[in-house]
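Structure first, then comments.
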Amino acid sequence: MTLGFILFYIVLVLIRPQEYIQSMEEAPILSSVFVVTFIIWFLSVKKEFQVPQPLLMTSFFAVAVISVAASGWVGGSFEAFKELLPGWGLFIMLSMTVDSARKVRVVLDVIAVCAFVIAVHSIEQKVTGYGWTGLPIRPDDGRVHYLGIFNDPNDLGTLLVSTIPVLIHWFGREVSATLKIIYMVMMGALLTSIYLTDSRGSLLAVGVVLLMEFWKRFGAVKAGILGSVLAGVGLAYTRLSQLDVNEASAAGRLDAWYQGIEMFKANPLLGVGFQNFTEYHHQTAHNSFVLVLAETGVVGFFFWLSTILVTFVIIVNFLRKDRQELGVPPQGRAFDTWQDYRSIAWTYLVILCGYMTTIFFLSRSYDTYFNIVLGVAAGLCLALQKNYQALPKFRIVDRMGNWAASTAGGVVVIYLVVKVLLKMQA
């Protein structure tokens, strides 16, 4: 029942049917459903901390709130708390509820169906000028978009890209020719919608996703050939041909990254405060990593980046271990379960790589969909740790030095990337 309420809330967040009717736009439907869902979850789900992501994200939540007070606006801490609460709550609920391969698959299936519905809306929007929601295509640039958190075409692209591995997963598991055709049609709709968003970050992420899937099935050489083909097509038919540090949009993003580094240097511990980036620069960071660093300092960046890194490490550790290392017999139910987990773990690794590619060019460090993607990933990590005792345990206190080194490395990498791009721009 708890998972059903969470899924219902996710559908309301993604599809937003409550906004189709103008008279319902101001009704507190989302907040009411969130409160009810969280109460049901709190009373019915066992609170497990076998993986560190819930504590890391909770710590980041606290630092983000404190950063506002540290910036000099104590009253703003309550506003930050209210804004961050739904995303944090959704992350925590998913991380402790989605604790099996079956539950992970159910959540991904629901997200994929929602993404397909939105993709069809995008195609209708492009063809007729309006989607069935009444939302017109963007008049200034002709790019498709959606309601709520996907109102920006780039944000819409993050959802669509992260759904492609799910459809590939469906297609690979399916034996019915009819269903395979349906999945191909759905994939076509997603790719068309991504093209219509005209988001260069999303197009790059599609390349990352397809290369990973191709490499897994056909090897590095054929994946390299595919990469060359994709690069040629991208440069010939999309805005990827305009990738240049001196191009207006890229130059603006690079300037924002530089300003973010300067904000961090001036306020290295707790940053300039949650959502205060635009108080110091006329536009947002256009990079989720730079945004966290600038707004919450090295302390917030430590918890935020560690949440991402530990997720990758647990999933990759599981995929790298063979059946014997995990104590799985060569046949039987345990063997089937292991194969199921390997399949879903690989799919989620591809999802994370595609999603991280998109948010490298967007300021989506705290948004709802970020918390959905990372929350489900944390739930998958919990399931892996519970089912396979041979996997190394990840206690925060035991690995503080490793995560601190990774944080420092992340700061250095961001700084060097910005410096190199600035040199290229000169």
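Worth pointing out:
- Candidates R138, R143 - the one that is surrounded by 15 or more Cβ atoms within 10 Å (Cβ to Cβ) and without any contact (Cβ under 8 Å) to a residue 24 or more places away in the chain: R138
- Taken over region 1-24, the criterion of being part of a helix (DSSP H, G or I), within 16 Å of L90 (Cα to Cα) and either in contact with a strand residue (DSSP E or B) (Cβ under 8 Å, 6 or more places away or on another chain) or in contact (Cβ under 8 Å) with a residue 12 or more places away in the chain (or both) is satisfied by T2, L3, F5, I6, L7, F8, Y9, I10, V11, L12, V13, L14.
- Of all residues in region 65-95, exactly one satisfies the criterion of being of a type in the set (S, T, N, Q) and without any contact (Cβ under 8 Å) to a residue 60 or more places away in the chain, namely S77.
- Residue within region 19-36 that is over 28 Å from G131 (Cβ atoms) and surrounded by fewer than 16 Cβ atoms within 10 Å (Cβ to Cβ) present: yes
- You will find that of R320, R364, the residue that is surrounded by 17 or more Cβ atoms within 10 Å (Cβ to Cβ), at pLDDT below 95 and charged (D, E, K, R) is R364 and no other.
- Extreme residue, farthest from L384 (Cα to Cα), among residues of region 316-344 that are in contact with a helix residue (DSSP H, G or I) (Cβ under 8 Å, 6 or more places away or on another chain) and of a type in the set (A, V, I, L, M, F, W, C): V328
- Matching option when the condition is outside any helix (DSSP H, G or I) and without any contact (Cβ under 8 Å) to a residue 12 or more places away in the chain, among A62, A27: A27
- Total residues in region 277-303 satisfying the condition of being buried (at least 22 other Cβ atoms within 10 Å of the Cβ) and either more than 13 Å from the chain's Cα centre (by Cα) or more than 19 Å from V63 (Cα to Cα) (or both): the figure is 16.
- Candidates E83, E19 - the one that is modelled with pLDDT under 95 and touching a Leu at 6+ places or on another chain (Cβ under 6 Å): E19
- Residue check for R105: of a type in the set (K, R) and either over 17 Å from the mean Cα position of the chain (by Cα) or closer than 21 Å to S31 by Cα (or both): no
The values are calculated or read from the model by the stated rules, or taken from the named source; none is laboratory data. Bear in mind the structure is a predicted one, so any value in this text is a computation, not a measurement. Here the Cβ is made from the backbone with ideal geometry for all residues, glycine too, and neighbour counts use every protein chain on show.
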